[in-house]
Amino acid sequence: MAMLTGWALYAAIFFTPFIQEDIAVIGAATASLHDAAPTALILPAVLTGLVCSDAWKYWMGRLARRYEWAHRFAEKPGVSIAGDLINKEFMQTMLTARFVPGTRIPAYIAAGFFKAEYAKYILTLTATATLYVAIMFALFHSVGAVAGEEAKIWLPVMAVLILACYVAYRWVTHRNNKAGPMTPLSEEQDHPMPDMPGFDDTPYETAETDDNKKE
């Protein structure tokens, strides 16, 4: 990518995230380090590519809500709790998706499936992408390309460690305060999934209908 020039370089920077986001950021940072193009133009190109490559994944989750297999999935114990955690701790979820390998696409699809606000999704997506790009560019320009590329390995490791500490903190506070769901395993807090047509005969929806009739 660093060997390209002009519009070919900007096009490569923009479209590479649709294939592999980390490679796109590393390539863009390398191009910036080698002065292949002004950094002031490379940065918006890679950021726009990152956001556009992930913006549509939200709608995969929304579309899935229309299908029967999604209805069966939503009936499983803990699924509604997972939705609560994503919506109530949206920033933590998106930060985890950005830095922990293997979580990005599932988290973005889940955001759509659980109907997180799309505007909030895009804003948070942009914020986490900006943070990631800023860290990578800062590393490349301060310690060089070789050490910068190694960040692809140790940044996720650090993210996993931070996530583990946060989960441990949540577990302790949940045990002490008994307030709110700690994990999707808190089955006693399951509840009907909202706005899911065709759910009248599922366990949770049936229970809710019976309660309404009693009232």
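Residue-by-condition table, conditions (1) closer than 18 Å to Thr126 by Cβ; (2) assigned by TED's automatic domain parsing to the domain that holds Thr124; (3) among the small types (Gly, Ala, Ser):
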position	(1), (2), (3)
Ala12	no, no, yes
Pro17	yes, no, no
Ile23	no, no, no
Thr39	no, no, no
Leu43	yes, no, no
Arg65	no, yes, no
His71	no, yes, no
Ala74	no, yes, yes
Val79	no, yes, no
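So, Ala40, is that one modelled with pLDDT of 90 or more and over 18 Å from Ala138 (Cβ atoms) or not?
no
Restricting attention to region 45-59, does a residue exist that is modelled with pLDDT under 90 and within 26 Å of Ile109 (Cβ to Cβ)? Taking every residue of region 45-59 in turn, none turns out to be modelled with pLDDT under 90 and within 26 Å of Ile109 (Cβ to Cβ).
Can you report the number of residues in region 24-55 which are of a type outside the set (Val, Ile, Thr) and out of contact with any Phe, Trp or Tyr (no Cβ under 9 Å at 6 or more places or on another chain)? The total comes to 9.
Checking the stated criteria, Ala97 turns out to be assigned by TED's automatic domain parsing to the domain that holds Arg66, buried (at least 21 other Cβ atoms within 10 Å of the Cβ) and not acidic (Asp, Glu). You will find that of Leu125, Leu131, Leu139, the residue that is part of a helix (DSSP H, G or I) and surrounded by fewer than 18 Cβ atoms within 10 Å (Cβ to Cβ) is Leu131 and no other. Of everything in region 33-62 that's hydrophobic (A, V, I, L, M, F, W, C) and free of Cβ contacts under 8 Å to residues at least 24 places away in the same chain, which residue is farthest from Leu4 (Cα to Cα)? Per the criteria, the residue is Trp56. Scanning region 12-39 for residues that are in contact with a Pro (Cβ under 9 Å, 6 or more places away or on another chain) and of a type in the set (Ser, Thr, Tyr) yields a count of 1.
The values are calculated or read from the model by the stated rules, or taken from the named source; none is laboratory data. Since this is a predicted model, take the numbers as computed values, not measurements. We place every Cβ from the backbone using ideal geometry, glycine too, and count neighbours over all the protein chains shown.
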